[in-house]
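Just below is one structure, and these are the notes that go with it.
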Amino acid sequence: MRYGVRILVIDPFNFIQSEQKTGLGTDVVSDMLTKVQLFAKQHGILVFFVAHPTKPFVRDGKKNVCTGVDVSGSMAWFSKADTGLTIYRSESGVEIHNWKARWGWQGKMGSVNMTFNPINGRYAEAEEIEDNFDWDI
C-alpha cells in the first residue's frame, strides 16, 4: 500500500515453497489461493499467478491446450480462479484461450490467434488475408 501497488504478479508459482516437506498438495494450494484471494479483495489489488501445467497432454496425436485442471498441484486452480487464461504456442503463432470467466462483464470463454509484429515488438490479433489476385491469368 505504501508504494501504490495495484497489480501483483507471482511468476512462476512453482517457486513458492510450502513449510510442509511433502510439497504443495491439493489442500495447501486451495488454502493458499483462498488467502491470496481474500488479501486481494481486502487491499483492492489484482493478483496474477503464472502456473505451468504438469505436462502438455497429447490426444489423437495432437497436443491439447491446457486449462486450470491441468496445472500441477490441485483442481483448485480451476475452481477458485475468477478468470483463467492459457497462452499456447502453435504452429501458426500464439493462441490465447480464455477457459474461465466467472462474471460476464470480465469477458467470455473463447480463443484468439495472435501474431508477433517484430517492428513494434507487440502481439496483435491475426488477420485473415484476402487473396484478391486472379491466379488463372
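The values are calculated or read from the model by the stated rules, or taken from the named source; none is laboratory data. Nothing here was measured: the structure is a model prediction, and the numbers come from that model. Cβ coordinates were reconstructed from backbone atoms using ideal geometry, including for glycine residues, and neighbour counts include every protein chain displayed.
In the range 81-109, the residues that are farther than 26 Å from residue 34 by Cα form Cβ pairs under 6 Å with partners that are of a type in the set (Phe, Trp, Tyr), at six or more places apart or across chains, as follows: 95/88.
All conditions in (1) modelled with pLDDT of 85 or more; (2) surrounded by fewer than 11 Cβ atoms within 10 Å (Cβ to Cβ); (3) charged (D, E, K, R) hold for residue 95, with the sole exception of (2).
Conditions (1) in a helix (DSSP H, G or I); (2) at pLDDT below 85, marked per residue:
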{"site": "1", "(1), (2)": "no, yes"}
{"site": "14", "(1), (2)": "yes, yes"}
{"site": "20", "(1), (2)": "no, yes"}
{"site": "29", "(1), (2)": "yes, yes"}
{"site": "32", "(1), (2)": "yes, no"}
{"site": "40", "(1), (2)": "yes, no"}
{"site": "48", "(1), (2)": "no, no"}
{"site": "51", "(1), (2)": "no, yes"}
{"site": "77", "(1), (2)": "yes, yes"}
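Only a single item in (1) at pLDDT 80 or above; (2) touching a helix residue (DSSP H, G or I) at 6+ places or on another chain (Cβ under 6 Å); (3) in a loop (DSSP other than H, G, I, E, B) is not met by residue 73, and it is number (1).
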